[in-house]
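This report concerns only the one structure given below.
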Amino acid sequence: MESLCHKVLLSIDIWPGNMDLLEKMILKQLKSMLFVDGKPLSQSFAINRYLARKYGLAGKDDFEAAQIDAIADFHKDVYAELAVYLYAKLGYREGDPATLRQAFLESADKLFPTYVKLLKESGSGFFAKSGVSWADFLIANYLLSIRINEPEALKKYPELEQYVDRIHALPQIKDYVDKRPHIIF
């Protein structure tokens, strides 16, 4: 499989002379973006789903694809609930990390068992019965950031620790992670 993407970080100081790029975007946002045949596609989940269909990571049939989408949408809820503490801890948002930490750990204990249950139900070691999917990359990467920034949250869930290791041991993922710059989130 060829390289799927190149990460480009844009500095805020480029905007004054390049507002036309933003105007070309259908949603008038430049968060996550992919160009396909010169046409822009934005929104990370739309990009994820597009690439998953293109590269066989969307499930073996339409129903499994819908199940994978449901798991990814559940993950959005997990992310939203846990982000308050992580953003405060990393200095991205206001808030007292010491105060928010307990709520974060309680939320993790409420939410992480669902990941464990879904992994067990699939029987494949991944979230889809047919094998690795785009949701696995999304969730494993997020759980890795939890492991880096708040390791205690995963210690009660060895299945999730093993899952993160399993995804990151996939040859192409391992190669990419070994070469990319270190990230904290």
| remark: Summed over the other residues with a beta carbon less than 15 angstrom from that of S130, with K and R at +1 and D and E at -1, the charge totals -3
| query | Separation of the range 39-87 and the range 119-185 by C-alpha centroid, Å? | reply | 15
| query | Which whole-Hz couplings ³J(HN,Hα) result when phi for each residue of the range 143-153 is put into the Karplus expression 6.51 cos²θ - 1.76 cosθ + 1.60, θ = phi - 60°, listed in order with x for Gly and Pro? | reply | 5, 4, 5, 5, 4, 5, 9, 8, x, 4, 5
| message | Just to check I understand the Karplus step: with θ = phi - 60° and J = 6.51 cos²θ - 1.76 cosθ + 1.60, what whole-Hz values come out for the range 100-111, glycine and proline as x? | response | 7, 4, 4, 5, 4, 5, 5, 5, 4, 5, 7, 8
| request: Hey, can you grab everything whose amide H is under 5 Å from the amide H of Q43? Only 5+ residues off in sequence or another chain; H modelled, so Pro and N-termini drop out. | output: K31, S32
| query | Sorted from fewest to most neighbouring beta carbons within 10 Å, what does the list H168, H75, H182 look like? | reply | H182, H168, H75
| request: Could you tally the net charge around A58, taking each other residue with its Cβ under 15 Å from the Cβ of A58, Lys/Arg +1 and Asp/Glu -1? | output: -1
| remark: With x for Gly and Pro, the residue-by-residue ³J(HN,Hα) of the range 129-142, computed from phi through the Karplus equation 6.51 cos²θ - 1.76 cosθ + 1.60 at θ = phi - 60° and given in whole Hz, is 4, 7, x, 4, 9, 4, 5, 4, 5, 4, 6, 4, 5, 5
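Values in this text are rule-based calculations from the coordinates and carry no lab data. It should be emphasised that the depicted structure is a prediction, and the values quoted were computed from it without experimental measurement. All Cβ positions, even for glycine, are placed from backbone atoms using ideal geometry, and neighbour counts span all protein chains on display.
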